[in-house]
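S.K.: One structure coming up, written as structure tokens, with questions to follow.
FYI, it's all coordinate maths here, none of it is from the lab. These numbers were taken from a predicted model, which means no experiment stands behind them. Here the Cβ positions follow ideal geometry from the backbone for every residue, glycine too, while neighbour counts run over all protein chains shown.
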Amino acid sequence: MFGPGEYRPDPSEGITSIAELPPPEIVRFSRTDTRQPCPHCGHSAYRDKQAHRTLHDLGNLDLWCPRDLVITYSQHYCTKCRKYFNFDLTDLAPVGSHYTHRVIDLAVRVVVEDGMPYRPASWHLWRDHRVFVPFATIQNWVEAGGKKGADTHGHRVPGLGAG
Ligand SMILES: [Zn+2]
């Protein structure tokens, strides 16, 4: 699947540095609105400012490069709670995650359902899906979601777990 002269990491060495990776395709979009209901009290809260978040997604297999989503999202201020909150992005990725649900679900599936060890799973994601995930990160995901994966067997619905 690699063309001549293309970057070809040696699987026995693993991928050690993010600097070795080809530049990602950047997909920009925005999740922003002038008003959003406050998650605490439901009050319609005005947009205060905007921020950006980068998420690593499954790679672009046509361009054969990684793909990053750069999301502009709105931050709102609830005047009742006197608290800031962000536009909800949990349909795309868990809170605080650098990877999309698609990447996490695929990585967990490769390990839990296909029985692949963490290091080869990391390599597989890079080779076939053009997304670089350190194997320790995959391990964290599997250990965090292992119970659910074992008894539901299939797609878990992201974002519905008890927080
Ligand atoms: Zn509120």
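S.K.: Between beta-carbons, use under 11 Å as the cut-off and find the net charge around Val27, counting Lys and Arg +1, Asp and Glu -1. Spell out each step's value before the answer.
M.R.: Numbers: positive: Arg28, Arg67; negative: Glu25, Asp57, Asp68.
Value of the local net charge: -1.
S.K.: For the range 101-115, just list the computed ³J(HN,Hα) in residue order, Karplus coefficients 6.51, -1.76 and 1.60, θ = phi - 60°, integers in Hz, with x standing in for Gly and Pro.
M.R.: With coefficients 6.51, -1.76 and 1.60, one gets 4, 4, 5, 5, 4, 5, 4, 5, 5, 4, 7, 6, 8, 8, x Hz.
S.K.: Sticking with this structure for a sec: Whose amide H sits under 5 Å from the amide H of Ser44, counting only residues 5 or more places off or on another chain, with H placed in the peptide plane?
M.R.: Distant-sequence amide H within range of Ser44: Cys38.
S.K.: Around Tyr99, which amide H atoms from residues at least 5 apart in sequence, or from another chain, sit under 5 Å from its own amide H, with H modelled in the peptide plane?
M.R.: Correct list: His56.
S.K.: Long-range amide H contacts for Arg31: which residues qualify at under 5 Å (H placed 1.01 Å from N, peptide plane, sequence gap of 5 or more or a different chain)?
M.R.: Thr72, Tyr73, Ser74
S.K.: Please list, in order along the range 132-143, the HN-Hα scalar couplings obtained from phi with the Karplus expression 6.51 cos²θ - 1.76 cosθ + 1.60 (θ = phi - 60°), rounded to whole Hz, x for Gly and Pro.
M.R.: Calculated HN-Hα couplings, in order: 8, 10, x, 4, 5, 5, 4, 4, 4, 4, 5, 5 Hz.
S.K.: ³J(HN,Hα) across the range 30-35 via Karplus (A = 6.51, B = -1.76, C = 1.60, θ = phi - 60°), whole Hz, x for Gly/Pro?
M.R.: Result, ordered by residue: 10, 10, 8, 8, 6, 9 Hz.
S.K.: Ok, one more. Can you tell me what percent of all Cα-Cα pairs in the range 21-98 are more than 13 Å apart?
M.R.: On the way: 2035 of 3003 pairs.
Result for the distance tail: 68 percent.
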